[in-house]
Amino acid sequence: MELVWSPAAMEDLASAANYIEFELSSPIAAKRLVESVVEKAQLFADVPGSGMVLRSINGLDTGYRYMISGNRMVFFSCGQGRALVVRVLYAKSDYMKKLFGER
């Protein structure tokens with residue numbers, strides 16, 4: 001399955017890597033983060049049913065799946081023969097609000 005990155009996911013990953021590399025002065029950790037996220041994304045593209053189903057607060061399937069990569073959550077969706085990396089978000093953030101806005 002073709003792997004596609006949304007602009008938001010690319011920005012999320014770049015921002016996280018830059019923060020780790022420059023603010024925390026840890027270029028090796030930044031590189032490991034990027035490698036781990038890319039590995040998870042490729043796994044999802046190779047095995048589209050992989051990852052966990054993201055459910056809403058009332059238990060409904062949101063249409064997204066996710067995988068954990070360190071302290072980041074990598075969110076995916078599938079359709080039309082492609083795997084889309086939707087966002088790469090800090091696991092302790094309000095990721096549901098970032099994905100779906102106010103509801």
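The values are calculated or read from the model by the stated rules, or taken from the named source; none is laboratory data. This structure is a prediction, so every number in the text was calculated from the model and none was measured. Because the Cβ atoms are built from the backbone with ideal geometry, glycine has one as well, and the counts that use them run over all protein chains shown.
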Count of region 64-88 residues which are without any contact (Cβ under 8 Å) to a residue 40 or more places away in the chain, touching a strand residue (DSSP E or B) at 6+ places or on another chain (Cβ under 7 Å) and loosely packed, with under 13 Cβ neighbours inside 10 Å: 1
Note on Ala91: of the conditions (1) within 14 Å of the chain's Cα centre (by Cα); (2) of a type in the set (A, V, I, L, M); (3) surrounded by 14 or more Cβ atoms within 10 Å (Cβ to Cβ), unmet is (3)
Just to verify a result, which residue in region 3-15, among those that are of a type outside the set (Asp, Glu) and under 9 Å from Val88 (Cα atoms), is surrounded by the fewest Cβ atoms within 10 Å (Cβ to Cβ)? Met10
Within region 12-63, the count of residues that are in contact (Cβ under 8 Å) with a residue 40 or more places away in the chain and touching a helix residue (DSSP H, G or I) at 6+ places or on another chain (Cβ under 7 Å) comes to 3
Can you name the residue in region 54-80 that is among the small types (Gly, Ala, Ser) and not in a strand (DSSP E or B) and, of all such residues, is modelled with the highest pLDDT? Gly70
Quick check on my filter: what residues within region 59-103 are of a type in the set (Val, Ile, Thr) and over 21 Å from Gln42 (Cα atoms)? Thr62
Just checking, does region 91-102 include any residue being assigned to a helix (DSSP H, G or I), among the hydrophobic types (A, V, I, L, M, F, W, C), touching a residue at least 12 places away in the same chain (Cβ under 8 Å) and in contact with a strand residue (DSSP E or B) (Cβ under 8 Å, 6 or more places away or on another chain)? yes
